[in-house]
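Here is the structure we will look at.
Bear in mind that the values in this text are calculations on the coordinates, not laboratory data. Quantities reported herein were computed from a predicted structural model and do not represent experimental measurements. So basically every Cβ, Gly included, is an ideal-geometry build from the backbone, and we count neighbours across all protein chains shown.
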Amino acid sequence: MGRTDTGTKYRKRGHILSPSAWNRFETCPRQFWLSKQRLPRKTSMAAAIGTIVHASIEDIIAENLSGRNPQESGWMPGLANQVLKNRWEEEKEIFFNTPRRPDWKDSEWENARKQQMGGIELLLTKVGASGLELDAITVKLWRQVQRIVLSCEGELRSTDGKLMGRLDLLLAKFDEKGNIIGWVVADLKTGKVPTGALKPTVSRQLRFYRDLLAENNKIHPEITAEGWYTRGPMVVESKGPSVLEDAYNAWEMSQPNDIPFDAKPSNEACGFCDYKAWCPHWWNYKHSSKSPTKNIFIDAVVLLERFDIDRGAALIELCTPKDKSGGILPSGRKFGAIFEGPALESLKKVVKNGWKGALFLGSVKADKNLWRIGNWCDVLPWKPIPDSG
Ligand code: SF4
């Protein structure tokens, strides 16, 4: 599908800004623009674990306990294991159908299980029952948890339809008499636990939910926004002024356009960008004096000189930028390279499709004269989209 077709589709659906899209736009407007071009999707094991943990906690919250003996215990370990297994299998299938992916790691099961337990523990904390083993959770206690959950995975939309987000959890705080005295917006995080203040992107996302909720419900109790780090488990509150005005400004500036938005290359932004194969700017930045040097894992644009398809062995030539649009200059520097797993499959596909141009290699372990293009690496045709679109 051409870029203009995609743009038309995007326009028809209407322009909606979510917190993650907003963060992408702030990080680098070009990254945001590229994310709207229907380029081949990428996933990672960390992203898959995040989805599995979220979905399994949602399932446990939604478990129908009606008609069960309130004193019954010992049921939670089996339920937690079953829903985790179901979501694990479901996500595994999606993972293998994603065009850009590393190897699936069964060894991550334990991590998913621990994070699921972290999520359960954080819920128990909210009903004053932290530190319980799973098999000590009674039906009565879990009903208490279910009672404080006002919404799970609820969609939150501004009345004008411009801003939208998916709220992991909305919880109620009660006083002793059972009156609601507060709402808690909780976003489950399966990444690293922060050691200091929340990252500005995370803080902005949490306040986005808080402020949108307040905007949509003119009469509301006090609302707090919390990041729930299931690895800790630990809760970090996000405080600060409303972000809605900034969000609407970002909505205005990020409206669909066939001309690519400005690029803001930096080590931080480009390091985690999934769209480098279509962006000439990280490459020019890397070859400019502004970029700090040297990482053993590198991104590169190369020419494929020889390729032994059975052994995954290749001879590649490093390229340097010829111009600002991503034109290439062969550098004469050649390296042996070993392609493995999904990276080898991607290269085979590129070769089979008859691609003769340069290749983008992402996160390569570039060790002396032999490059290892491991299963985690991106191997894509180098197709930089110029600033003119
Ligand atoms: S590679 Fe860097 S400059 Fe290019 S879109 Fe991504 S973040 Fe922006």
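For the listed residue pairs LYS42/LYS85; LYS162/LYS322; LYS92/LYS324; LYS85/LYS162; LYS218/LYS264, the alpha carbons are over 29 angstrom apart in LYS162/LYS322; LYS92/LYS324; LYS85/LYS162; LYS218/LYS264. Of SER66, SER238, SER20, the sequence from fewest to most neighbouring Cβ atoms within 10 angstrom is SER66, SER20, SER238. Helix-only estimate, please: 222 nm mean residue ellipticity of the chain, summing -39500 (n - 2.57) across DSSP H runs of length 4 or more and dividing by its residues, to the nearest 500. The helix-only estimate for the chain comes to -11500 deg cm²/dmol at 222 nm. The distance separating the Cα centre of the stretch 348-371 from that of the stretch 74-127 comes to 33 Å. Here the residues CYS319, CYS279, ranked from fewest to most Cβ neighbours within 10 Å of their Cβ, fall in the order CYS319, CYS279. In straight-distance terms, cross-link reach from LYS368 covers every one of the lysines whose alpha-carbon lies under 22 Å from its own, apart from those fewer than eight places away in the same chain; here that gives LYS286, LYS294, LYS334. Estimated at 0.36 nm per residue, the fully extended path between GLU237 and GLN37 surpasses their Cα-Cα distance by 68.5 nm.
Close amide H contacts of GLY182 (hydrogens built in the peptide plane, cut-off under 5 Å, sequence separation of 5 or more or a different chain): LYS173. The modelled label-to-label distance for the pair ASN375/LYS92, using points 7 Å beyond Cα in the direction of Cβ, is 1.3 nm. Extents of the stretch 1-159, taken as max minus min of Cα coordinates on every principal axis and listed largest first, are 61, 42, 28 Å. Sorting PHE360, PHE339 by the number of Cβ atoms found within 10 Å of their own Cβ, with the fewest placed first, yields PHE360, PHE339. Each Cα pair under 8 Å and six or more residues apart adds its separation to the average, and for the chain the resulting relative contact order is 16 percent. Quick one: if the Förster radius is 22 Å, what FRET efficiency do ARG68 and GLU133 give, using the C-beta to C-beta distance and rounding to 0.05? Efficiency at R0 = 22 Å is approximately 0.70.
Take the alpha carbon gyration tensor of the chain, find the square roots of its eigenvalues, order them as a ≥ b ≥ c, and report rounded if a/c is under 1.5; if not, report prolate when a/b exceeds b/c, else oblate. Prolate. Count Lys and Arg as plus one, Asp and Glu as minus one, and take only other residues whose Cβ is under 12 Å from that of VAL145; the net charge is then +2. Evaluated with a Cβ-only charge set (Lys, Arg +1; Asp, Glu -1), the stretch 267-381 carries a dipole of roughly 280 debye about its Cα centre, given to the nearest 20.
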